[in-house]
Each structure stands twice: as C-alpha cells, then as structure tokens.
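These notes are about the structure you will find just below.
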Amino acid sequence: MRKLMLGNEAVARGAWEARVAFGSGYPGTPSTEILEALAVYPDVKVQWAPNEKVGYEVAVGAGLAGVRALVTMKHVGLNVAADPFFSSSYMGVNGGLVVVSADDPGMASSQDEQDNRSMAKAAKVLMVEPYDAEEARWMTREAFALSEAFDSPVLMRMTTRVCHHTGVVHPAERAEFTPKGFVKDIPKFVLLPNHARARRVKIEERLQKALAFSEQSDLWNPIRKGSSDIGIVTSGVSYGYVLETMPEASVLKLGITNPLPMERIRAFAKTVKKLVVVEELEPYIEEAIRAAGIQVHGKDILPDTGELNLPLVEKALLGHVRDKVTAHPGDVKIPVRPPTLCPGCSHRGIFTLFRDMKLRVMGDIGCYTLGALKPLAAMDACMCMGASVGMAQGLEKFGGPKEKGKTIGVIGDSTFFHSGLTGLVDMIVNRSQATLVILDNRWTAMTGGQPHPGTGKDIHGEDAPQLNVAEVCRALGVKRVREVDPYNLEATRKILEEELAAPEVSVVVAVAPCLLGARIPKGEPVEINLETCNRCGACIRVGCMAIHEKDGFPDVDPDLCGGCGVCEQVCEPGAISLPAGK
Ligand SMILES: Cc1ncc(C[n+]2csc(CCOP(=O)(O)OP(=O)(O)O)c2C)c(N)n1
C-alpha cells in the first residue's frame, strides 16, 4: 500500500507503527502537524503541553513507566526543553523516547536559525535525520528501537522541507512492543552528582556501541556507488538536491548523524578523487571530517546560512545553474502579500492605542508581533517566547524618568502560559512598576489555532479544564489586575493610563477570542460617508487590509470587513458607521 503524506504525518504514522503510547509537545512551525496527526490514531494518548520543557518531562515520565513516548517541538523549543533534554541523556530510557526537533533553515517562521544537530552532539544522544516522508515514517518507527537498544533519547532532526513536503509513504504493520512497566533503578534515574558521575561513563560506552552500529549499518548510512570522480557525504533534505544534481556521483547518505561513522566516511573517501559535504546550515559533518584529517570541500562552495535549494547545489557541484524547466521558487512571480493581522483581529485596537499613547512596548512572539509593522509600528523589541515580561521590567527599572509610566510588556495568552508566568513572579517580588498586557484570545493563533491551558479544549477538541488568565495573575500575587474589551478603545485607553500610573506591577488582560480559533462568523461591514470624511487617514493607519485608500478616500472591502469597529472609533468626524445593531 502507498499513501501520500506530509513529512510530519509520516512521523506520526511511524510513531503509531512503533506502538508509541504517548505524544506530547508544544506547537511551533514546522513541527505542529506531527502531534495533530498523531492525535487521530487510536491507542495513543496525545496532549499539548504548556511549553516544550513540560512536554519533554511528561514524555520522560511516560518512558519511565515503560511505554514509548514521542515529544515534538520546533528548534527553539529544544532550547526551552534543553535542561531535561541534556539531563535525560544521563538517565537513559526505559520505554523508548524520541524527540523531534523541527529546524527552520531560512527562518520562514522563526526568530533564529539554529542547526540543532549540535544539540544532539552536546547532549551526547543519538541523532537521526530523515530526508523524505517515507524515511520520516520508518526512521521514527526504528528510532524507538534505537533508543531502547542504546539506552538513549533519540533526537530526530527534521527541517522545514522534510516536515512540510508531501511524499509517497509505504505504511507498514505495527511493530510488536510490550510495555515494560516501571523499573526501580535509583542510581540510573536519580541524578545525584555521584550517580551522574557513573552515568557519565555509561554515556561514553553507549556512544561507542552506537558508533559501532552506525559504522556497519547499510540501512541507516547507505552508500550509493557511482562515479569515482566525486563522492558526496550528505544528510537530510540535502540528499534530494544531490540526487537531482549529480545522479552519477557516489553518495554516502547519513541517516545517523550522531555518532558520526567516521571510519565509514574514511573508507568512502578513499574510493573517490574528491570528497564534498552537502549539508544545510552549519558545517557539522564537514568539520568532523576535517578534524579526522580527511580532505573535504563543503562551506567553501556552499552557503552556511539559509536553506539550500537546487540552484545553490547545482552551482556548488557543477559550477553553474542548469537551465532547467523546473522553475526555482525565487523565479516565480507571486503577488506580494505582507503579513498582517486579520481584519477584525482583537490585537489591532490594542496596538493602535500603544502607538497613539506613544508607549514603550516590549513585545513577544505570536500573531501580535505584527503590531511591530507599519502603520502600527508599536513594538520596540521582541526576542523569544516569554521575554517581554522580563524585558519590560528591566527597561522600566533602568530607563530613567522617560520610561516611567510608559513601559508595557505585551504577551499572548499561550505565550504567557508557556513562559510568561515566571517573569511575572519576578516582576512581583522585585517590585517592578511596569504594566503587563496579556492578549487573551483563548487560542494559540499564530501556529494555526491550537488550544492552550486557557482555551478549555484539548487537542481532540474535547472540553478540558480552563485556566483563567486574570485569576492566575491574581493568584500569583498581582494586586492590580484589570480585564478589558480590546474592541472598546476608549475604555481600554483609560484603564491603560490608570495602570501605567500605578506605582506597582499591574496586569491588563485584553479578553476577546481569536475569530479564526473560535470560528466566529464574519459580521456586516462598516459604511463610510464620503461627505463627512475629512480624509485624515486615521482609519487607514489602523493597518487593516479591509480598508484602503481609493482616489484619496478610504474604501472598505465588504468581503473582508466584519465591522469590528476599530476604524469607526478612530474616525474623528464620525464618517464611519457600524453595521446596524452594533
Ligand atoms: C520556544 C518556542 N516555541 C514555539 C514557538 C512557536 N510560536 C510562536 S508564537 C507562539 C504562540 C502564539 O500564541 P499566543 O501567545 O496566544 O499569541 P497569538 O498568536 O494567539 O496572538 C508559538 C507557539 C516559538 N516561537 N518558540
């Protein structure tokens, strides 16, 4: 049987075939669809965690219970989960544990471009890298067996193209796996320093065993014998570019990239006149080969930033880009569609206020980061999830009189539960006077509308316990917590002014569900009276794609406008009217 599957769906299939009992993780492009696809299979308990660290830890606990567990995240998620990731390497596993890190070369949807192969090496865990959907299936399935055989968590490193391409998959029968039950083993699982010192030695032993396996595995590290003029060592999606560019070359394709089978590479190098490594991002394989004293080309002919693609690999290997029928994505002319908040999005009014009140805004990651773009341009910094809270405290404390009463941290609700809570605790106990605005739209909108602890739904859409953001803040110890309707600009402005003036930490929770997440039908559009319009442009400056300038006047697109009323409230001459009944 053959099936077309997304790389991410194939990971879910492989995990199900391996009889995985538990899947967890936190959404993040390009990894999100893995858990969503796994949730559809029977016999698997699948749940979103509030962040990657917690997701990882629950998976470790499930593994200790003797079942197989999968945990998924994007590359920066592994930074959040790094503490348990590195330490669980010392514990080894009971039931197999596979962690997917979906890296985003080229930063299609990320704030940085990490090559997490270095994370596997640093944590001393086994790492596998699929190149297409079918490999994603069988490698996931087999990774659980590797995890148990070598007593190591296995990092499955994927990249955007592998996650998001659709390819032919050959689903197989489910493997046999009997849950092992909990095994009490204090020296192994309790990482006291003297236990950890003994485990440290075990880690090296298991890596040696894994290396011996990797060296002789034709399945994981196959060699394609071709011309002896050039030999290419490659892994992941780069293998596809190599195949298309130089079908005649000899190729060593590495499926296990930690530990690297250096003797296999050395033997392969001896069979060819020239050795080249084709790999995306860091010279991870290349540097190891160089360190082993083998002559090799790599980043001297290929870029070490951004995604690879066919023309780049052709240029590197052939010296020129072939004149092919297949167009390079960059050659295809598509209309420019800058990212923007949806028409009617509840974030728009808040950022209009931030801009008009000339606030200093420490931002965070989510749909609302688009508030940094013109014409709103109402965010001054954005670093990583949860960071708005700490940055707001630091700026307010050290910004001098100019920042007093002006500094806001702004964070989405999913991001608040992910990693904003501890920043808020720090604000309270260290007497910050900044104001934190939490955008409570009830969904993780940016990654496609996954539920989070404040949604009241689980991954299956079933009712789940729901945490109330304002109550959580009060319970933490914030004395000043106000809820606002972000569609009511005047009331929200007044509350922001009061809270900014307060000489203590305050929280303003803007409550309005994401229209897409909550599937709220579009309302009737606003109307503009061109007789009274004074062409001031205030309505255009709220940055809504449903309203634009036409022949010097604002013009509403009735197919997009749902009558949220933000433009109506900024219109001084009152030329914009809401649909009847609003
Ligand atoms: C550590 C980490 N994990 C995951 C992501 C992907 N991601 C970016 S923002 C975000 C959450 C957005 O939800 P929310 O804060 O509720 O804001 P919204 O998009 O709903 O406005 C996620 C999951 C990331 N950038 N970093």
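List of remarks:
- Beta bridges per DSSP with both ends in the chain, % antiparallel, nearest 5: 25
- Debye log10 I(q)/I(0) for the stretch 347-511, one point scatterer per Cα, at q = 0.18 Å⁻¹: -1.07
- The Stokes-Einstein estimate for the stretch 81-207, based on a Kirkwood radius over Cα pairs and taken at 25 °C with 0.890 mPa s viscosity, is a diffusion coefficient of 154 µm²/s.
- For Gly77, net neighbour charge (Lys/Arg +1, Asp/Glu -1) across residues whose Cβ lies under 10 Å away: +1
- With a Förster radius of 41 Å applied to the C-beta separation of Gln208 and Asp112, the computed FRET efficiency comes to 0.80.
- Isotropically averaged projected area of the stretch 268-328, using the convex hull of Cα atoms (one quarter of hull area), nm²: 4.8
- Distance between the stretch 492-509 and the stretch 193-232 - C-alpha centres, whole angstrom: 57
- Remark: the stretch 527-577 is approximated by an ellipsoid whose semi-axes, taken from the C-alpha gyration tensor as √(5λ), come to 15, 12, 10 Å, largest first.
- Stretchable slack from Ala145 to Lys550, in nm (0.36 nm times residue separation minus alpha-carbon distance): 139.5 nm
- Semi-axis lengths, largest first, of the ellipsoid equivalent to the stretch 223-325 are 20, 15, 12 Å, with √(5λ) applied to each eigenvalue of the Cα gyration tensor.
- Cα pair distances in the stretch 1-134, grouped into 10 Å bins until the bin that holds the longest one, percent each: 13, 46, 35, 6, 0
- Overall Cα dimensions of the stretch 142-201, principal axis frame, Å, largest first: 49, 29, 15
- Nearest-0.05 FRET efficiency for Val321 and His164, computed from C-beta distance (R0 22 Å): 0.35
- Sorted into 5 angstrom bins from 0, the C-alpha pair distances of the stretch 151-269 split as 2, 9, 13, 15, 16, 15, 12, 9, 6, 3, 2, 0 percent.
- Here the stretch 456-566 is treated as a Stokes sphere of Kirkwood radius computed over C-alpha pairs; at 4 °C and 1.567 mPa s its diffusion coefficient rounds to 75 µm²/s.
- Rg/Rg_ref, the chain, where Rg_ref = 2.2 N^0.38 Å and atoms are Cα: 1.08
- C-alpha center-to-center spacing [the stretch 365-405, the stretch 63-112] in angstrom: 29
- Calculated FRET value between Arg431 and Ala464, using beta carbons and R₀ = 41 Å, to 0.05: 0.70
- Relative to the dominant Cα principal axis of the chain, helix 82-91 is inclined by about 30°.
- If only the Cβ of Lys and Arg carry +1 and only the Cβ of Asp and Glu carry -1, the dipole of the chain around its Cα centre is close to 1340 debye.
- Size descriptor, Kirkwood hydrodynamic radius, that averages inverse alpha-carbon separations across the stretch 278-404, Å: 19.2
- Panel order for Leu308, Leu35, Leu395, by other beta carbons found within 10 Å of each beta carbon, from fewest to most: Leu395, Leu308, Leu35.
Quick note: the coordinates plus some simple rules give every number you see, no bench work behind them. What you see is a predicted model; the values in this text were computed from it and never measured. With ideal geometry, Cβ positions are generated from the backbone for all residues, glycine too; neighbour counts draw on all protein chains shown.
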